[in-house]
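Undergrad: Just dropping this structure here.
Readers should treat all values here as calculations from the given coordinates under stated rules, not as data from a laboratory. All values derive from a computational prediction rather than experimental measurement. With ideal geometry, Cβ positions are generated from the backbone for all residues, glycine too; neighbour counts draw on all protein chains shown.
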Amino acid sequence: MDKSEKFALGVSGLLLAVFFLAIVYMQVVQNIEVPTCITDVEPFTTDTLFQVGEDEYELHMIARMWAFQPSSVTLPVGSKVHLYVTSIDIIHGFKIENKNVNLMAVPGAINYIPVTFEEEGEYFFACHEFCGAAHHAMAGRIIIADSDDVQSAGGQP
Ligand code: CUA
């Protein structure tokens, strides 16, 4: 082996040791926790939909291999939705058809966008990042219906 290769290997090994010891030092001496996954933190441990005001909702959308939770949401016309998107495994995408909504679903992070649905109809959403064997199956829909229909159908909310 060439001298320069040995030198590069030695420096690489030394740097690895320094970085590893730095993490151990931070955890043991400084008592700083290595960050947990955001989906371990309330209120993002599960998918939820709740009303935060008149015609205003908060939706936590969780992406996973290979589905969205929830896969179907029914809301009344005129709903403003505070949409939070995250992933519990790998990087996914989240795009709502015919809406200006295009987010990444990233483990350890939460992406936010507010979106208002002024018109009745079905708004399909899908994963737009290739994420494996059943990527094509990652889809769902937001159904925007007349307020009375939402109530009588017994749907959320
Ligand atoms: Cu998830 Cu593609």
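Undergrad: Just to confirm my numbers, what's the Cα centroid distance between region 66-93 and region 117-143 in Å?
TA: 9 Å
Undergrad: Along the Cα-to-C-beta direction of residue 147, a point sits 7 Å from the Cα; which residues of region 63-107 have their amide N less than 20 Å from that point?
TA: Label zone hits: 74-82.
Undergrad: Taking every Cα atom in the chain, find the radius of gyration and the maximum pairwise distance Dmax, and write them in Å.
TA: 22.0, 79
Undergrad: Counting only DSSP beta bridges with both residues in the chain, tell me the antiparallel percent, nearest 5.
TA: On the way: 28 of 42 bridges.
About 65 percent, rounded to the nearest 5.
Undergrad: Relative contact order, percent, of the chain when contacts are C-alpha pairs under 8 Å separated by at least 6 residues?
TA: On the way: 299 pairs, mean separation 32.9, N = 157.
In percent, rounded to a whole number, it is 21.
Undergrad: Next up: Starting at the first residue of region 10-23, write each ³J(HN,Hα) from the Karplus equation 6.51 cos²θ - 1.76 cosθ + 1.60 with θ = phi - 60°, in whole Hz, x for Gly and Pro.
TA: Each residue of region 10-23 in turn: x, 4, 4, x, 4, 4, 4, 4, 4, 5, 5, 5, 5, 5 Hz.
Undergrad: Using a Förster distance of 35 angstrom, determine the FRET efficiency expected from the C-beta separation of residue 29 and residue 109, and round it to 0.05.
TA: Values: r = 28 Å, r/R0 = 0.80.
The value I calculate is 0.80.
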